[in-house]
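Peer 1: The structure that follows is given in the form of structure tokens.
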Amino acid sequence: MQIGIIGLPSSGKTTFFNALTGQEATTGDYSLSKEANMAVVKVPDPRLERLAEIFNPKKIVHAEVQYVDIAGMTGGKSTEKKEAAYVANLRNVDALAQVVRVFQDDNIPHPDGSIDPIRDIDNVNSELLFYDLLLVDNNIQKLVKKLRVSKDDDAQKMLNLLNKYKDALESETFLADLELSDSEMKTISGFGFLTLKPQLYILNISENDIGSYTISDDIKSAMKPESKSSAVSLCAEIAMEISRLDEEDKREFRESMGIDKPALETVIRESYRLMGVISFLTGSDAEVHAWTVKQGAKAPKAAGAVHTDFEKGFIKAEVIQFEELDKLSSWSEAKSKGKLRLEGKEYVVKDGDVILFRFNI
Ligand SMILES: Nc1nc2c(ncn2[C@@H]2O[C@H](COP(=O)(O)OP(=O)(O)O)[C@@H](O)[C@H]2O)c(=O)[nH]1
Ligand SMILES: [Mg+2]
């Protein structure tokens, strides 16, 4: 799972990246040619600590999400509007986190001279539309050329699809808001369309607004894609400072600021939800482990996430919901009390399932 952080210069992307990842990438650097910052973030999951009490494992392994901080969004200011390397980077990510400047700070000039989150969202989204349109146009040209030389049903089909997308993009509709069938989604997955990706908006608010800020309806209606976006507000600067403290100080600091739960946990949970993925858990005396799978994944697919051979050799899964296991003291107690369900190939894995796979390889 990879999430690309986008937004205008000095919206707080790198500050947010540092807050999430505990890294110390340079902030306040607006140069566009910089290399992307990249880091793997452990998905916070208190269930793993409880599982560690139950299984006494040698190690605890969290689910992971990779974050990429890519400078380059200009809000349409770039003189030479061509597809840059950073867009190519962005095409590979699973979701976008768009950092939007809400905070006031006279020492940090806004590239457009004033604080206006809706204008900024529109500008960044126009850029996403623009890059997808460019990609569609290029491919339409190639296909037209090809079809001039010889008839080709697949090429013709693709051309029809791309013309449909062209119309949508030109009327500023995100591709994620079109109703695309599963097979259509599969056909076009290789393009990496930016407007097809879920977007989590990070509203970067002032320190003074922590606890009192609410996201206005106007901002909500500016958020695209309509069908696959959501928003979290946080103060990136403070979140970054908190991330550098140890656990005890973190709690005290949050209390003093009136922050009830870690903003970054909300961010990670929301991005998880947007991407349509869930975590299931496994436990043994070797390790307790949280794994990521697509929502709707069946038991053999989940087994395959643990080990590729497990998918082919899948026989059954012994399953218990975490909350259920939490009330007991051990896996063997769950077994002896008949709390473990035996599930087969068609079982759809749920978030928080603790699973022991039976397989044959
Ligand atoms: N006051 C305030 N300043 C912030 C906040 N977030 C970021 N900044 C500052 O804004 C400047 C630009 O931040 P940076 O993360 O480098 O933005 P980027 O260009 O989007 O990567 C830096 O000087 C940050 O310290 C915030 O929440 N409040
Ligand atoms: Mg930056």
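The values are calculated or read from the model by the stated rules, or taken from the named source; none is laboratory data. Everything quoted here is computed from the prediction, not taken from an experiment. Neighbour counts are summed over all protein chains in view; Cβ atoms, including those assigned to glycine, are modelled from backbone coordinates with ideal geometry. With ligands, DNA and RNA removed, areas are computed over all heavy atoms of the protein, side chains included. Shrake-Rupley method; radii C 1.70, N 1.55, O 1.52, S 1.80 Å.
Peer 1: Given 0.36 nm per residue, what is the gain on full extension from LYS146 to SER256 after removing their alpha carbon distance, in nm? Could you put the intermediate results ahead of the total?
Peer 2: Details: separation 110, 0.36 × 110 = 39.60 nm, distance 6.50 nm.
Once the chain is fully extended between LYS146 and SER256, it gains 33.1 nm.
Peer 1: Going down the table (LYS157/LYS228; LYS13/LYS228; LYS294/LYS337; LYS327/LYS350; LYS58/LYS316), which pairs top 28 Å between alpha carbons? It would help to have the intermediate numbers written out before the result.
Peer 2: Details: LYS157/LYS228 26 Å; LYS13/LYS228 21 Å; LYS294/LYS337 31 Å; LYS327/LYS350 19 Å; LYS58/LYS316 26 Å.
Exceeds cut-off: LYS294/LYS337.
Peer 1: Turning to a different aspect of this structure: Evaluate 2.2 N^0.38 Å with N set to the residue count of region 228-361, then give the Cα radius of gyration divided by it.
Peer 2: Working: Rg = 18.6 Å, N = 134, 2.2 N^0.38 = 14.1 Å.
Here the answer is 1.31, to two decimals.
Peer 1: Can you bin region 296-359 into rounded, prolate or oblate? Criterion: square roots of the alpha carbon gyration tensor eigenvalues sorted a ≥ b ≥ c, rounded for a/c under 1.5, prolate for a/b above b/c, oblate for the rest. Each step should come with its number before you reach the end.
Peer 2: Numbers: a/c = 2.24, a/b = 1.82, b/c = 1.23.
Judged from the Cα gyration tensor, region 296-359 comes out prolate (a/c at least 1.5, a/b above b/c).
Peer 1: Also: Hydropathy first: keep DSSP H helices in the chain averaging at least -0.5 on Kyte-Doolittle, then drop any whose Cα extent along the axis falls short of 27 Å, and list what survives. Kindly include the intermediate steps, with their values, before the conclusion.
Peer 2: Numbers: long enough: 117-149 (49 Å, 0.01).
Correct list, ordered by number: 117-149.
Peer 1: Based on the Cβ-Cβ distance from THR27 to ASP177, what FRET efficiency comes out when R0 is 30 Å, to the nearest 0.05? Kindly include the intermediate steps, with their values, before the conclusion.
Peer 2: Working: r = 34 Å, r/R0 = 1.12.
In this case the efficiency is close to 0.35.
Peer 1: For the chain, give me the percentage of DSSP beta bridges that are antiparallel, rounded to the nearest 5 percent.
Peer 2: Values: 24 of 48 bridges.
Percent antiparallel among DSSP bridges in the chain is about 50.
Peer 1: Then there's this: So between LYS301 and GLU53, what do we pick up on full extension, going 0.36 nm a residue minus the alpha carbon distance?
Peer 2: Details: separation 248, 0.36 × 248 = 89.28 nm, distance 2.76 nm.
Once the chain is fully extended between LYS301 and GLU53, it gains 86.5 nm.
Peer 1: Follow-up. Shape of the chain from its Cα gyration tensor (a ≥ b ≥ c, root eigenvalues): rounded if a/c is under 1.5, otherwise prolate when a/b > b/c, or oblate? Working shown, then result.
Peer 2: Details: a/c = 2.39, a/b = 1.21, b/c = 1.97.
Because a/c hits 1.5 or more and a/b fails to exceed b/c, the chain counts as oblate.
Peer 1: Here is a further query. Where in region 253-357 are there trypsin sites (Lys or Arg not before Pro) that are in a DSSP coil and have at most 10 other Cβ atoms within 10 angstrom of their Cβ?
Peer 2: Those satisfying the criteria are LYS327, LYS337.
Peer 1: Please give the calculated 222 nm ellipticity per residue for the chain, where each DSSP H segment of at least 4 residues contributes -39500 (n - 2.57) and the sum is spread over every residue; nearest 500 deg cm²/dmol? Show your work: numbers first, answer last.
Peer 2: On the way: 14 runs with 145 residues, N = 361.
After summing the helix terms and dividing by the residues of the chain, the value is -12000 deg cm²/dmol.
Peer 1: A further question follows. What is the percent carbon and sulfur in the accessible area of the chain, measuring with a 1.4 Å probe over the protein chains and ignoring ligands? Before the final figure, lay out the partial values.
Peer 2: On the way: 8800 of 18290 Å².
Using a 1.4 Å probe with all protein chains present, the chain comes out at 48 percent carbon and sulfur.
Peer 1: Moving to a separate point now. Could you report region 243-342's accessible area per residue, 1.4 Å probe, as an integer in Å²?
Peer 2: 54
Peer 1: Still on this model: Just to be sure I understand the model, the point goes 7 Å from the Cα along the line to the Cβ. What's the resulting ASP154 to GLN321 distance in nm?
Peer 2: Using points 7 Å along Cα→Cβ, the separation is 4.5 nm.
Peer 1: Running a GNM on the chain with Cα contacts under 10 Å, which residue among VAL102, VAL68, VAL306 ends up with the highest mean-square fluctuation?
Peer 2: Maximum among the listed residues: VAL306.
Peer 1: While we're here: For region 90-231, with every protein chain kept in place, what is the accessible area per residue (1.4 Å probe, Å²)? Write down the numbers at each step before the final one.
Peer 2: On the way: 7280 Å² over 142 residues.
Per residue, region 90-231 has 51 Å² of solvent-accessible surface.
Peer 1: Label points 7 Å out from Cα along the Cβ direction at VAL40 and LYS220: separation in nm?
Peer 2: Between VAL40 and LYS220, the simple spin-label model gives 3.8 nm.
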